[in-house]
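Student: Just passing along the structure, written as structure tokens.
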Amino acid sequence: MTAYLKGYLKVRLTGFSPERFLNLCQHHQIAVWGLAYRGGAYEFYMYQKDYIRCRSLVRKTRTRLTIVEKIGLPFLLRRYRKRKAFALGVLLSFVLMYQLTTHIWDIQFTGNYTYTDEMLAEFLDENAVVHGMKKNQVSCAEIEQMIRSAYTDITWVSAQISGTRLIVQIKENSGTIEKAEEDDTPCDLVASKNGIITEMITRQGVPMVKVGDVVQEGQVLISGTIPVMNDSQEIVRYEQVHADGDVTARTATDYYDEFPTVEQVTCETGRTQTSWYVKYMDHKVGFTFGKADYLLSDRRDEEYQLRILKDWYLPLSVGTITTAELSRYEKRLSEEEATEKFQKNLTDYFEKSAEKGVQILENHVTMKYSAEMCTGSGKIIALEPIGIQQEIMMTEETEQPDELNGDIN
């Protein structure tokens with residue numbers, strides 16, 4: 001870059017003693033680079049001022065130095081010195097470019113997961129932080145304070161200006177889990193389905209079953225009604241509590257799945273229509289070549305914001321709108337394709353069950369394939385939690401023992 005600004009020459013050295021000339025250049029500290037031997041002569045690069053200094057060396061060594069090419073900004077300006085309109089245009093371009101670099105043309109968010117870029121950009125827009133504002137009007141400290149105040153689950157914010165870009169870095173409080181309010185409503189823990197108890201832990205309440213028992217759907221597993229006894233071990237009253245515990249059972253679940261073997265398939269035909277547009281801030285000018293008259297189509301938009309360097313964005317964007325023609329037809333699944341789809345559905349079912357704490361033990365599901373429909377059915381044996389809470393209905397019978405409800409003789 002320095003050589004280009006100063007201006008330098010590509011020269012060709014011929015004559016009686018070119019090697020002596022090069023040695024003298026080194027002795028007099030004349031910069032020479034890019035030395036190459038071509039066609040019986042030396043070619044190299046040197047600065048314009050050094051070309052004038054070495055005239056005496058040329059005479060002393062009886063050599064000849066010929067200019068092959070002039071390179072650099074001084075020669076370029078000299079070439080166009082009579083073109084005033086061109087020079088004025090270059091000057092105005094530099095002025096315009098400088099003015100553009102004093103504004104914010106791109107806002108970037110990093111580290112956000114719960115809140116999208118659109119949500120945060122809209123929030124900044126409502127608070128007068130927008131594209132096109134001057135950089136000296138942007139207060140990074142105020143932006144940080146506004147975001148922290150508006151979003152309590154954002155624990156850390158950093159805003160900084162780099163080039164013509166405003167970069168907002170965010171750290172969300174994703175690691176904190178809010179403690180749920182404790183529910184003390186009186187309830188029983190009942191079975192959500194039929195099964196054989198394999199594991200049972202009671203935290204609160206009275207266990208009504210034990211490991212190895214066969215239970216039915218709706219049966220009470222842990223009762224929330226606790227008897228209160230006196231010193232004589234006689235029941236004097238009952239208290240209702242919030243039954244709590246973990247009950248795991250071996251269950252057998254009926255699985256059924258069906259889907260048609262003839263399905264609608266949509267694909268691209270290969271015919272496309274592309275239109276271009278240029279966007280300045282919010283103003284767009286489009287260029288369309290031809291008309292896409294497709295009965296069925298898909299549209300894809302791509303936009304690129306222009307920039308000078310990495311973070312020096314401009315308020316200009318170039319975009320394309322591609323319209324692709326689509327074709328729709330019916331396709332009959334082969335038995336292999338239907339089997340693959342069936343296995344995928346079954347795998348998805350297993351994965352969703354695992355998220356609920358279900359451990360699959362045995363799979364007795366089979367598939368039947370026909371020309372119109374593919375069906376799958378069978379039993380799935382698993383270990384799963386079956387305890388669900390059921391609120392206790394307050395009645396007179398639950399308030400006190402039966403022997404206390406009778407008449408006193």
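The values are calculated or read from the model by the stated rules, or taken from the named source; none is laboratory data. Here the structure is a predicted model, which is why all the values come from computation and not from measurement. Neighbour counts run over all protein chains shown; Cβ positions are idealised from the backbone, glycine included. The area values use the complete protein model at the heavy-atom level, side chains included, leaving out ligands, DNA and RNA. Shrake-Rupley method; radii C 1.70, N 1.55, O 1.52, S 1.80 Å.
Student: Going by what's in this entry, would Leu166 be described as of a type in the set (A, V, I, L, M), open to solvent by less than 40 Å² (accessible area, probe 1.4 Å), in a helix (DSSP H, G or I) and closer than 20 Å to Tyr313 by Cα?
Tutor: When the stated conditions are applied, Leu166 does not pass them.
Student: Looking only at the range 42-67, count how many residues are open to solvent by 80 Å² or more (accessible area, probe 1.4 Å) and outside any loop (DSSP other than H, G, I, E, B).
Tutor: The qualifying residues number 7.
Every residue, every condition in (1) at pLDDT below 90; (2) open to solvent by 70 Å² or more (accessible area, probe 1.4 Å), yes or no:
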site: Thr261; (1), (2): no, no
site: Phe289; (1), (2): yes, yes
site: Ala292; (1), (2): yes, no
site: Leu295; (1), (2): yes, yes
site: Gln305; (1), (2): yes, no
site: Leu326; (1), (2): no, no
site: Phe350; (1), (2): no, no
site: Ala354; (1), (2): no, no
site: Gln359; (1), (2): no, yes
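Student: Inspect all residues belonging to the range 365-372 and state whether any of them is out of contact with any helix residue (DSSP H, G or I) (no Cβ under 7 Å at 6 or more places or on another chain) and surrounded by 14 or more Cβ atoms within 10 Å (Cβ to Cβ). Give the derivation first.
Tutor: Looking only at the range 365-372, we keep the residues that are out of contact with any helix residue (DSSP H, G or I) (no Cβ under 7 Å at 6 or more places or on another chain), and these are 366, 368, 370-372.
Within this subset, residues satisfying the condition of being surrounded by 14 or more Cβ atoms within 10 Å (Cβ to Cβ) are none.
Taking every residue of the range 365-372 in turn, none turns out to be out of contact with any helix residue (DSSP H, G or I) (no Cβ under 7 Å at 6 or more places or on another chain) and surrounded by 14 or more Cβ atoms within 10 Å (Cβ to Cβ).
Student: Another question, then. Give the residue, chosen from Gly15, Gly39, that is open to solvent by 50 Å² or more (accessible area, probe 1.4 Å), on the phi > 0 side of the Ramachandran plot and in contact with a helix residue (DSSP H, G or I) (Cβ under 8 Å, 6 or more places away or on another chain).
Tutor: None of the other options fit; the residue is Gly15.
Student: Any residue at all in the range 134-146 that is modelled with pLDDT of 90 or more, closer than 25 Å to Leu314 by Cβ, part of a loop (DSSP other than H, G, I, E, B) and open to solvent by 30 Å² or more (accessible area, probe 1.4 Å)?
Tutor: yes
Student: Name, by its number, the condition in (1) touching an Asp or Glu at 6+ places or on another chain (Cβ under 9 Å); (2) surrounded by 11 or more Cβ atoms within 10 Å (Cβ to Cβ) that does not hold for Tyr113.
Tutor: Failing condition for Tyr113: (2).
Residues are listed down the side, and each one gets a yes or a no for (1) within 16 Å of Glu384 (Cβ to Cβ); (2) touching a helix residue (DSSP H, G or I) at 6+ places or on another chain (Cβ under 9 Å); (3) open to solvent by 40 Å² or more (accessible area, probe 1.4 Å); (4) of a type in the set (Lys, Arg):
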residue: Ile201; (1), (2), (3), (4): yes, no, yes, no
residue: Val211; (1), (2), (3), (4): yes, no, yes, no
residue: Ile226; (1), (2), (3), (4): no, no, yes, no
residue: Ser232; (1), (2), (3), (4): no, no, yes, no
residue: Val236; (1), (2), (3), (4): no, yes, yes, no
residue: Glu239; (1), (2), (3), (4): no, no, yes, no
residue: Asp246; (1), (2), (3), (4): yes, no, yes, no
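Quick grid of which residues meet (1) at negative phi; (2) assigned to a loop (DSSP other than H, G, I, E, B); (3) basic (Lys, Arg):
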{"residue": "Lys210", "(1), (2), (3)": "yes, yes, yes"}
{"residue": "Val228", "(1), (2), (3)": "yes, no, no"}
{"residue": "Tyr238", "(1), (2), (3)": "yes, no, no"}
{"residue": "Val247", "(1), (2), (3)": "yes, no, no"}
{"residue": "Arg250", "(1), (2), (3)": "yes, no, yes"}
{"residue": "Thr253", "(1), (2), (3)": "yes, no, no"}
{"residue": "Tyr256", "(1), (2), (3)": "yes, no, no"}
{"residue": "Glu263", "(1), (2), (3)": "yes, no, no"}
